[in-house]
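Following: one structure in structure tokens, then a few remarks.
The values are calculated or read from the model by the stated rules, or taken from the named source; none is laboratory data. Predicted model only: the values in this text are computed from it and were never measured. Backbone-built Cβ (ideal geometry, glycine too); neighbour counts: all protein chains shown. Heavy atoms of the whole protein, side chains included, go into the accessibility calculation; ligands, DNA and RNA do not. Shrake-Rupley method; radii C 1.70, N 1.55, O 1.52, S 1.80 Å.
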Amino acid sequence: AEETLIGANAMIKEGLLENPKVDAAMMIHVFAGIPAPTGVVFYLAEGPASASSDWFDITIKGKGGHGAMPSMAIDPLIAMSNIHLALQEINSREVNPDKFLVITPCVLNGGTVGNVIPDEAFIQGTIRTFDNEVREMAKKRVVEVAEAIGKAYRCEVDVKLYRGCPSLINDKTVRDICAEAAKEIVGPQAVVDAALIPEAGGGRMGGSEDFAFVSELVPSTMLGLAANLPHADGNSYGQHHPKVMFDEKALPVGSAIYANAAIKWLEKNK
């Protein structure tokens with residue numbers, strides 16, 4: 001359940017890090033659609049390496065009516081539109097420019113026919129950042145902005161925040177051991193800094209990874225592994241594209257890196 005950001009946390013609650021007690025952890029994420037052949041390994045920056053993730057649902061309740069008589073209705077679409085625009089101002093006006101934050105509404109729903117004002121409208125979106133203070137501020141402001149704008153347009157607004165996931169913290173010591181172990185498998189030339197591959201995150205990823213829950217508890221690292229497989233149309237597509245293809249030849253490479261990283265870590269931590 002990595003895609004829904006709940007799997008790792010559930011595993012931890014079931015004892016993933018106990019019996020035996022875990023001293024360090026690593027993960028490998030395959031990547032398609034990046035300018036690197038299958039088997040190339042890349043490592044991320046130390047510290048926060050992937051963004052935290054929070055989702056929001058905003059339900060806006062108005063009063064439906066005929067499109068020819070808007071004064072008889074309370075239009076939730078007007079409130080929805082203004083909330084959508086106002087959320088962008090949190091990032092551009094309330095956060096220091098050197099801090100990474102995105103607040104992205106990705107779903108806007110309301111209405112089913114062209115001459116009827118609906119009773120309700122709906123927004124769903126995501127919040128991503130590397131900074132815990134910015135994360136908490138952004139969640140608070142999403143609620144405040146949505147509720148205040150809803151009130152201004154005579155609508156009732158209900159905001160739900162969920163799917164929280166922290167930033168993945170890359171431990172430099174563990175990362176370096178695992179990167180060296182990877183070099184023994186694929187060769188030094190095939191282990192590169194992700195800062196050199198913008199398509200792979202450029203050192204830090206705006207995307208999120210639920211392995212972050214593990215990294216909060218034990219020294220951890222994440223490696224990326226290229227797994228490009230061109231589509232039948234000749235193009236290579238990235239993560240989450242409907243035409244993405246993954247080269248399964250990357251799987252034994254990743255398995256060997258896992259095993260060798262464990263060996264190298266144990267040798268250095270006898």
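Rounded to the nearest Å, what's the spacing between the alpha carbon centres of the stretch 226-246 and the stretch 57-114? Just the number, please. Measuring centre to centre over Cα atoms gives 34 Å.
Between Asp23 and Gln124, the modelled labels are 4.4 nm apart [label points 7 Å from Cα along Cα→Cβ]. The overall shape of the stretch 20-136 is prolate: from the C-alpha gyration tensor, with semi-axes ordered a ≥ b ≥ c, the ratio a/c is 1.5 or greater and a/b exceeds b/c. The long axis of helix 250-268 is offset from the longest Cα principal axis of the chain by roughly 60 degrees.
The lysines whose alpha-carbon is closer than 27 Å to the alpha-carbon of Lys172, local same-chain residues fewer than 8 away aside, are Lys13, Lys21, Lys99, Lys183, Lys264, Lys268, Lys270. Protection proxy ranking for 41-52, 143-154, 92-103, using the average of other Cβ atoms within 10 Å per residue and placing the highest first: 41-52, 143-154, 92-103. Checking the cross-link filter: which lysines have an alpha carbon closer than 19 Å to that of Lys61, excluding same-chain neighbours under 8 positions apart? Cross-link targets: Lys151, Lys160. For the chain, the longest principal axis of the Cα atoms and the long axis of helix 132-152 meet at an angle of about 20 degrees.
In the chain, taking the dipole from charged Cβ atoms about the Cα centre, the farthest positive-side position among Ala36, Ala121, Ser236 is held by Ala121.
Looking at the chain, the accessible area is 52 square angstrom per residue; that uses a 1.4 Å probe and ignores ligands, DNA and RNA. Dividing the mean sequence gap of close Cα pairs (under 8 Å, 6+ apart) by how many residues the stretch 10-113 holds gives a relative contact order of 13 percent. Distance between the C-alpha centers of the stretch 158-183 and the stretch 131-157? Whole Å please. Rounded to whole Å, the Cα centres lie 28 Å apart. Only helices enter the 222 nm calculation for the chain: every DSSP H run of n ≥ 4 contributes -39,500 (n - 2.57), and dividing by all residues gives -10000 deg cm²/dmol, rounded to 500.
Each Cα pair under 8 Å and six or more residues apart adds its sequence gap; the mean of these over the residue count of the chain is a relative contact order of 34 percent. Charges were assigned to the Cβ only: +1 to each Lys and Arg, -1 to each Asp and Glu. The resulting dipole of the chain about its Cα centre is roughly 180 debye.
The alpha carbon gyration tensor of the chain gives principal lengths a ≥ b ≥ c with a/c of 1.5 or higher and a/b greater than b/c, which makes the shape prolate.
Simple point charges give the picture: +1 on the Cβ of Lys and Arg, -1 on the Cβ of Asp and Glu, and for the stretch 9-150 a dipole about the Cα centre of about 180 debye. Among the protein heavy atoms of the chain, carbon and sulfur supply 55% of the accessible surface, probe 1.4 Å, non-protein parts ignored. Among 205-214, 58-67, the peptide with the highest mean count of other Cβ atoms within 10 Å heads the list, and the full ranking is 205-214, 58-67. Angle, helix 76-94 long axis vs. longest principal axis of the chain, Cα atoms, 0 to 90°, nearest 10? Between helix and principal axis, roughly 50 degrees. Close amide-amide hydrogen proximity is noted between Met205 and Ser50, Ala51, each under 5 Å apart and 5 or more residues distant or on a separate chain (H modeled in the peptide plane; Pro and chain starts excluded).
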